[in-house]
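Asker: Structure provided below as structure tokens; questions to follow.
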Amino acid sequence: MRRQLHARATVHKPERVVLLQAFAQVLGRSGHSEVAASDEVDVQGFVQAWALLGLAVSTAHAAGLFNRYGQDVRGRLPVMVFVESLIVGGPRQLMLMESEVQRGPYKAGQPASHMGKIIYPQCRKTGVWPPSDWNPALALRSARLPEEQLQLEWVYGYDVHRATSNNIWVNCNGHIVTYAAAVCVVYDAAAHKQQFFRGHDDDICCLALAPDKRIAASGQLGKDPTVLVWDSVSCTQLARLAHGYGYRGIQALCFSSSGSKLACIATDNSHSLFVWQWPKAIKLLERKSQPGAPPAVYGVAWSRFEPDRLVTFGQNHIRFWRLDRSSSSSSSSASGELAASSDAGVFCKGGTHSVLSAAFLPSGVVLTGSPDGAICSWRGCRCIAVHPAHAKGPLQHRPDGMQSYGGVAALVLLEDGKTLLSGGADGHVLKWDVSGGDLGQCLQRLLQLTPAASQAAAAAQRSPALLGAGPEPSARLPPAIRALDAMHGAAGVFVAGTAVGDIWEVDGDPRILLHGQPGQPSCCATNPRYPHVFASTASGGKVAVWNAATHMPLRIFPVGQGMTALCAAFSPDGRQLAVGLDGGGLKGFEFHPEMRQVWWHQGFASAVDVLRYSPDGSRLAAAGHDKVVEVYDITPAGLRRVCRCVGHSSAVRHLDWSADGSCIQSMDQAYELLYFDAASGRLLKSSCRDTAWASFSSTLGFPVMGIWPPDSDGTDINSADRSPQGDLLLTADDSGKVKLFNCPCVVEDAPGRCYGGHSSHVTCVRWSADQSYAVSTGGHDRALLQWRLLLPPSKQERQAAHLARQQQVLAAVDPAGVVYGEPEGRNRVDKARGVAGSRRQ
């Protein structure tokens, strides 16, 4: 093209004018001076212009040029962009474009041909540059929703930190119904699968099951708190009960004996009691129950023997209610108003105490559980007896932030009306005789969760081989019982939830059905060699290593007394797990073939927030509150510092190595994106625009500049992760959402698929090594969620071939270990439990 223009140019008619005249003729303009910067041409017009210049350009070659120099969504090329690029020349054009600064990411529908510095609000301090070989056509993909989708696959554990009353139930199908964060979970133990009801958009605080064991109700926090009534078999919504502005949330729920009415306790300062006729969404009653800072009322219980009696209980509070149809209402009217009378309970000698649980007996006696482990009997409004039952257990944090003993947190009257189950903070479940109209003798100790027994049961159910059978650290205290429910129609079978988030099934052979996250999760890390393995760090000083195929822990181990793990990273060979601690320490654990601590290093004065192994696994980069990045050599004797990277003005939150291990990019809380030489620690002044990164977890940078929503101040997105294949991007934000984008994401306010489930800010999200699933950790909701990647039909065969190759690799690396595969993993779990699927069914 340049030769053709040079041959047609003259002294008074330079090459630029020759080319513009050809385009002017195609555009219908009178001369070259009338071609404007906004003029565009399609492929046919482009071919026609060059035909006027005596050069035959094929349609395919023209389309390639359009892709190279940038086209809009209509497939049209800006004329002036192409003319300047062709006439000025490649190197000079790049130099000219680099000298220009673009404000903001590329715009959807406009040419993404700018090759210079880009400054956008969240990265205004350092700016970013597109790679030298940037293909503007990738911006078109960035402006589209990804073809792939995410599907919530598993919720680990259940809510134990916000609930103040029973939140584990068994429905009519024998499935466990519970919740975590903003998701209600229905777990089928026989199939080891979960269904989800996802109608909530904020923290769920309570859950109740109707007497038919099918209809469920769940209440949430919010400016306009709502209760959703839903079918626990089909997970479909049946009714929505809005309580209005100012009530803050719903703390407790209970169905009437007929199941047609629903009692709700709000978290306003008066702890208002509502009674609804939920099938018609009619509010029958609203009364103040107890003044005080919420949550002062923990729960509500409705007698199944006297349909007009209920009791509310909580912090130094018990109140007995009797509902009567108002005389002003028609007795035949289904929507008639109710009047309520209530009396505060008179406690026994010894003073008031908090009431943690309550159950009505057929005789009219009400039994309540107290923090000191006793069960109290109430007749009328008076406490008539106090029965020693359980030990008070260890001190626990109440939802209001104060400390209290766990005592008796669960009381369940069985279907026969003659037997009561009680669950205590001492880890025991007791069976009582109540056939005499009051609490009688203790008939049986059904469950005794001593530290040794709970550890042995958990170890017997873990997937074998990959981590070996190393010793499990002993615990000093048994897990407290927080929730109970009996299996419908199965005598002697019940489920129990513990304070560590585990759910047990007891039928003579106690076993853990669902394993919980031990504490509030802060970070997750996936294994590069074993795609089905990931780790999560949590408050309480424990790290859990999970099998994503069986959804069970391979190991849960402490990092040291008084220490909290904040971050973790696996080595590229999958054999080592590095953990960063809140006190500035670093610990390395050998992950394969057995779990053991291999090194310990005190490298920082304050918390370590992020860790990354180099691509070859020989070095480890660590950073955190000290505002520096430390690079270490990993030796048999431990860590040896290679260099210190200085330049950040605040805590470092994200780290990535280049693919060749020569440099590091790091991002801090002040939104500075810096680059360092990994050998010397020297701050690199270059843009590193052409550096290939082994991972990309920074929330700032050229390939992620489109992830930010409008009017974002930079704090909205907490975590990002580029997929191993480089075509997708995940983000975790402050609104509790996980989002999926095409990668690179370079268009302003790029469209992404948004997924709820968390009810608090999401702290971390990570892809698995084979890109088949992702894991996210919540902040205050303490939830650990696993997401399955759903591919479009055009890519499913490719994924199947990839997984087959991955299984071959794992079999070669670890012939005796756990090969990725869900059916095989489940068979191993069944063998470890000694339980067949048919028996469970």
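Asker: Scan around His428 for amide H atoms under 5 Å from its own, H built in the peptide plane at 1.01 Å from N, and keep only partners 5 or more places away or cross-chain.
Answerer: Leu449, Ile481
Asker: Excluding residues on the same chain fewer than 8 positions from Lys431, give the lysines whose Cα lies under 18 Å from its Cα.
Answerer: Candidates past the 8-residue exclusion: Lys392, Lys418.
Asker: Pairs of Cα atoms under 8 Å, at least six residues apart: use those to get the relative contact order of the chain, whole percent. All intermediate terms of the calculation are to be shown ahead of the outcome.
Answerer: Working: 2225 pairs, mean separation 81.9, N = 841.
Over the chain, the number comes to 10 percent.
Asker: What dipole magnitude, in Debye to the nearest 20, does the chain give about its Cα centre under +1 on Lys/Arg Cβ and -1 on Asp/Glu Cβ? Let's see the in-between values first.
Answerer: Details: 79 positive and 72 negative charges, 24 e Å.
For the chain, the charge dipole is close to 120 debye.
Asker: I've got another one for you. Please list, ordered by chain and number, the residues whose modelled amide H lies under 5 Å from the amide H of Cys205; skip anything fewer than 5 residues away on the same chain.
Answerer: Here the answer is Gly219, Gln220, Leu221, since their amide H atoms fall under 5 Å of that of Cys205.
Asker: Just the number, please: Stokes-Einstein D of the chain in µm²/s, Kirkwood Rh from C-alpha pairs, 25 °C, 0.890 mPa s.
Answerer: Working: Rh = 30.0 Å.
My calculation gives 82 µm²/s for D.
Asker: Please work out, to two decimal places, the log10 of the ratio I(q)/I(0) at q = 0.12, 0.17, 0.18, 0.22 Å⁻¹ from a Debye calculation in which every Cα of region 2-88 carries one identical scatterer.
Answerer: -0.32, -0.65, -0.74, -1.13
Asker: Using only helices, what value at 222 nm comes out for the chain when you add -39,500 (n - 2.57) per DSSP H run of length 4 or more and divide by the total residues, to the nearest 500 deg cm²/dmol?
Answerer: Details: 11 runs with 114 residues, N = 841.
Roughly -4000 deg cm²/dmol at 222 nm, from the helical runs in the chain.
Asker: A follow-up question, please. What lysines could a cross-link reach from Lys739, if we take a straight Cα to Cα line under 26 Å and drop same-chain neighbours fewer than 8 places away?
Answerer: Lys107, Lys125, Lys193, Lys223, Lys795
Asker: Between Rg and the Kirkwood Rh of region 35-158, both from Cα atoms, what is the Rg to Rh ratio? Could you put the intermediate results ahead of the total?
Answerer: Values: Rg = 18.6 Å, Rh = 16.7 Å.
For region 35-158, the value is 1.11.
Asker: Over every pair of different alpha-carbon atoms in region 591-713, take the mean of 1/r and invert it; report that Kirkwood radius in Å. Display every interim value, and only then the final one.
Answerer: On the way: mean 1/r = 0.0658 Å⁻¹.
15.2 Å is the Kirkwood radius here.
Asker: Taking 0.36 nm per residue of sequence separation and subtracting the Cα-Cα distance, how much length would be gained by fully extending the chain between Arg3 and Lys223, in nm to one decimal? Walk me through the numbers before you get to the answer.
Answerer: Details: separation 220, 0.36 × 220 = 79.20 nm, distance 6.98 nm.
Computed gain between Arg3 and Lys223 is 72.2 nm.
Asker: Can you flag which of Lys261/Lys283; Lys542/Lys587; Lys117/Lys685 are past 19 Å Cα-Cα? Intermediate results must be reported in sequence, preceding the final value.
Answerer: Values: Lys261/Lys283 10 Å; Lys542/Lys587 13 Å; Lys117/Lys685 14 Å.
Checking Cα-Cα distances, every pair stays at or under 19 Å.
We did not get these values from a lab; they are worked out from the coordinates using the rules stated. Nothing here was measured: the structure is a model prediction, and the numbers come from that model. Note: ideal-geometry Cβ built from the backbone for every residue, glycine included; neighbour counts use all protein chains shown.
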